[in-house]
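All remarks here apply to the structure that follows.
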Amino acid sequence: VQVSADEDRCVGAGSCVMSAPEVFDQDDYGTVVVRDEDPDESQWPAVAEAIAICPAAALRIVRESTP
Ligand code: SF4
């Protein structure tokens, strides 16, 4: 599972950082920074919550396809 963020959509609300601080951070302008693009399974619920509450729908999970 990979996490990706669309910095162009991000409005800097910071909700994702509150939900999953191990995975998301913000730069000096408030724009989202993905700290961990391949987070541990223990982080998945927090990541799912962050994706759900992001007001800009800037976050998504890219699932790796299985051969
Ligand atoms: S919750 Fe969405 S809009 Fe807010 S900082 Fe994170 S990615 Fe950006």
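The values are calculated or read from the model by the stated rules, or taken from the named source; none is laboratory data. Note that the structure is a prediction, hence the values are computed from the model and not measured. With ligands, DNA and RNA removed, areas are computed over all heavy atoms of the protein, side chains included. Shrake-Rupley method; radii C 1.70, N 1.55, O 1.52, S 1.80 Å.
Key figures for this structure:
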quantity: Potential extension, I53-M18 segment - 0.36 nm per residue separation minus Cα distance; calculated: 11.6 nm
quantity: Of all accessible heavy-atom area on the chain, the percent that carbon and sulfur account for (1.4 Å); calculated: 45 percent
quantity: Calculated diffusion of the chain, Stokes-Einstein form, Kirkwood radius summed over Cα pairs, 25 °C and 0.890 mPa s, µm²/s; calculated: 210 µm²/s
quantity: Accessible area of the chain divided out per residue, in Å², using a probe of 1.4 angstrom; calculated: 67 Å²
